[in-house]
Each structure stands twice: as C-alpha cells, then as structure tokens.
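The values are calculated or read from the model by the stated rules, or taken from the named source; none is laboratory data. The shown structure was predicted, so the numbers you read here are calculated from the model rather than taken from an experiment. Methodologically, a virtual Cβ is constructed for each residue, glycine included, from the backbone with ideal geometry; neighbour enumeration extends over all protein chains shown. What goes into the accessible areas is simple: the full protein's heavy atoms, side chains included, and nothing from ligands, DNA or RNA. Shrake-Rupley method; radii C 1.70, N 1.55, O 1.52, S 1.80 Å.
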Amino acid sequence: MKKITILLSLFILMASCGVKQTESLVSSGDYDAAIDNAVSGLRNNKDKKRKQDYVYLLEEAFAKAKARDLMQIDLLVKEGNPSNFERVFTTYQNLHARQEKIKPILPLQLLKEKRNANFPFDDYSEEIVDSKNVLSKYLHSNSQALLGTANKANFRRAYDDLMYLDKINPNYKDVKKLIEEAQFKGTDYVSVYTKNETNMVIPIRLENDLLDFSTYGLNDKWTIYHSNRQKGIDYDFGVIVNFRQINISPEQIKEKEFTKEKEVKIGIKKLLDNRGREVKDSLGNTIMVDNMKMVKIVIYEFRQFKTTEVSAKVDYINFKTNQLLQTFPLSSAFIFENIYSTYKGDKRACDSEYLSYFDRRAVPFPTNEQMIYDSGEDLKAKLKDIITRNSIRK
C-alpha cells in the first residue's frame, strides 16, 4: 500500500511539473510548444479532473496562436512584398496543422463550467492553395531572373528555391528543367592536370592514377573535378600538380658480417656432483637435467637499398581571372629494401625472428620508372588530403 501511495505521489508531481511548464510556455508566447505539451498530457485520461488545467491552457494557447497568425498574415499581405509569400503560405499551413493536431482528442470537457472547450476551427484549404500558387509563380519567375545573371551565388540560390518549389508544388511548369540548368550553372568545374618541370619522364601510369578522380570521392554538390576536359564546359578553376624534382639514389648493396653464440639444449643427462657421482632424489631415482651446448654462427648479411624522392607543388588557379589562388607543397618518398643472408655454423645460435633471411635471395632492383610509380599511392593520398582540406571557392 505504501509503494502505491509513493507511485501516485510521483505521478501527481510529474503531472504538476508538466502543467507548470505549459503555463510558462503560454506566458512566454511559445504557443505551439504549449499546445504540444497540452495535447501530450491529454492523450490519456483526458476527462480526469487532474487534467483540467491542460484543457484550459490548450484552449488559451490555441486562441492566442490563431489570433497571432491571422494578424501576421494580414500584415504580410498588406506589405505587398513578394519575399513575404513563403511566410504567408507556411503560416496558413501551420494554422491547418495546429487544428489537425487537436482534433483527435476532442471533445474536451471543462467540468466546472459544464461545457466543452472551444476551438473555433476554420477551413484553410482555399487559402493554402491560393498562397501556394502565388508563391509558386513568384519562385518560378524569380528563379528565371536569377538564372539570367552571371553570378554563381544567384544560380545556387535559384537551385534552392526551385527545389523548394518542386517540393511544395511537384511538376510545376518547367521546374525540372530549370533545376538542371541551375545545378549546371551553379557548379564549379575544376580541371586537374599535371606539369613536369623535372628532367625525368613521369610514368604515364602515375599520371593516370593521380588524375583518376573517380577514386577520390571529392565531387560534391557544387564542385566537379575533371582530369579530362569535356566539351561544352567552361572550366572555372584549375588544380595543377606540378612535378618539380625527382631524386633517385644509386643501387646499393651493403654487406655486414657478425657472429652470434647461444647455449642450446641437445638432450638430457644425469646430474653429477663435484665428485662425478650421480645425484639421486628422495626416492633413490637419478636426477636428469638438460644437456646444454654452446653453438656459434657467422652471418653474412646483404642489404639491397634504393630510394626515390618526388617533390611537387599543387597550384589552384582561377581561370576567370588567371590568378594563382593558393599553392601547396606535395612530396613523397619510396624506399626499396631487400635483406638476405648466408651463414656458416649452427643456425640454432640465431634468434628465430632472423631465420627467414636465410631463405631469401638477391632480387633485381626496380627500375627508376617503377620507383617513381611506387611513390604514387602516397602522392595520391596527400593530394586528396590537400584538396579535401582546401576548398576551391572560399
């Protein structure tokens, strides 16, 4: 019984907090949030006496919200500013949505006054359609005007307006076609290519890999990168990967000789005391111990070594003004290394981690072209990082 009383008290306390919060929202003019609270509180047991405060607050919040919205619409219409068309349309939508939110919980009784709460609903369907048509016409004509300018910011604004128009009024006139036009005109097209200022030949495979932007995942809503220029596109920017220097070391083979010794187990033997007699345990059995032997190995290690360093810079160019916008350094290094060994002696003297070197042999050194190409993966990752972190248009 005590547990039930505690739970009931907690329930009443929570309900009281909900009412106070709703009162506060009404007092601050946040009528729609107050309506949400009240409707939520009245979904269950709406006719209970403890829910009466919610009913009064809902009636008050609805009346005030409706009056404010209608007054706002009247002012917006009287101003005659086309930029108000969207607010008029959305306000009518809100008036309708507010009524639909309350309808499922009606009727609501005011017990003391012995009447139902008053919610004067109106049919806003005609106003919603009319205001949507006015807004649609404005968005369509204004977007056409924006598309007639020479400003990418205007094209992108037109795109957003046309997407909104297509959402509220699907298949309106030629909106689909205008969206495609706005997308095309508002997009920055970037030509990416390489230049070679070194005295060496850049492998064509490396150039192709660097410029394979399908693997970069860099294209976004308003930026498209092309490594091959396409007809009909007036490119806005260029990203130039300018190779400045390539250094390749000579082929080197370094030799090293070293000796290792280790004590290893070769079996077991009887434990003898200082006099050479067998040592026995408490049961009279001879004690056996590991038989250890010192082994030795002489290792002849060979290390094949060759390195390459590629230095470049990435230039951002504005093709419209022929200005250099930004420059970033780009470099990469690749190391070829092969270690193999031969030996004389007992391999058991070696650490186990080293044994694999005895199974290796000398291999042909990679060509200079292969060395340059092998630096490509690192170059590509760094180029992607530069472009990702430094947008074309600020």
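Overview of values
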read-out	value
Shape parameters for the chain, alpha-carbon atoms, Rg then Dmax in Å	41.0, 123
Gain in span if fully extended, Asp209 to Asp273, counting 0.36 nm per residue against the direct Cα distance	15.6 nm
Unit charges at the beta carbon, dipole of the chain: most positive-side option, Phe258, His96, Gln183	Phe258
Average Cα contact separation per residue, the stretch 177-273, under 8 Å, 6 or more apart, as relative contact order %	39 percent
Modelled FRET efficiency - R0 56 Å, Arg360 with Asn228, Cβ distances, 0.05 increments	0.85
Local net charge near Arg87, Cβ-Cβ under 14 Å (Lys/Arg +1, Asp/Glu -1)	-2
Theoretical gain in end-to-end length, Asn44 to Asn116 [0.36 nm per residue, Cα-Cα removed]	24.2 nm
Cα radius of gyration and Dmax for the stretch 68-111 (Å)	14.4, 47
Accessible area of Glu100 in the full protein assembly, 1.4 Å probe (Å², nearest 10)	80 Å²
Relative contact order of the chain, defined on C-alpha pairs under 8 angstrom at six or more residues apart (%)	11 percent
Net lengthening on full extension, Thr321/Thr194 (0.36 nm per residue, minus Cα-Cα)	43.7 nm
Amide H contacts under 5 Å for Tyr343, placed H, 5+ residues apart	Tyr300
Distant-in-sequence amide H partners of Leu325 (H built 1.01 Å from N, under 5 Å)	Tyr316, Ile317, Asn318
Percent RCO, i.e. relative contact order, over the stretch 166-233, from Cα pairs under 8 Å lying at least 6 residues apart	40 percent
Thr308, Thr149, reordered so the largest accessible area comes first (probe 1.4 Å)	Thr149, Thr308
Cα gyration tensor shape of the stretch 348-394, rounded if a/c is under 1.5, else prolate or oblate by comparing a/b with b/c	oblate
Rounded to whole Hz, the Karplus (6.51, -1.76, 1.60) HN-Hα couplings of the stretch 44-57, x for glycine and proline	10, 6, 5, 8, 6, 4, 5, 9, 4, 4, 4, 5, 4, 5
Ranked order, Lys112, Lys306, Lys20, Lys221 - accessible area, probe 1.4 Å, largest first	Lys112, Lys20, Lys221, Lys306
Anchor Lys262: lysines whose Cα lies under 27 Å away (excluding residues fewer than 8 positions away in-chain)	Lys254, Lys270, Lys293, Lys296, Lys344, Lys347
Neighbourhood net charge (13 Å Cβ-Cβ; Lys/Arg +1, Asp/Glu -1) for Asp315	+2
Largest-first ordering by accessible area, 1.4 Å probe, given options Cys17, Cys350	Cys17, Cys350
Theoretical ellipticity at 222 nm over the chain - DSSP helices of four or more residues, -39500 (n - 2.57) apiece, nearest 500	-14000 deg cm²/dmol
For Lys293, net neighbour charge (Lys/Arg +1, Asp/Glu -1) across residues whose Cβ lies under 13 Å away	+1
Set of aspartates and glutamates near Lys101 by C-alpha distance (under 15 Å), chain-local residues within fewer than 8 positions excluded	Asp32, Asp36, Glu59, Asp122, Asp123
Estimated FRET transfer efficiency when R0 is 51 angstrom, pair Lys256-Leu283 (beta carbons, to 0.05)	0.40
Top of Asp166, Asp53, Asp374 by mean-square fluctuation, Gaussian network on the chain, Cα under 10 Å	Asp53
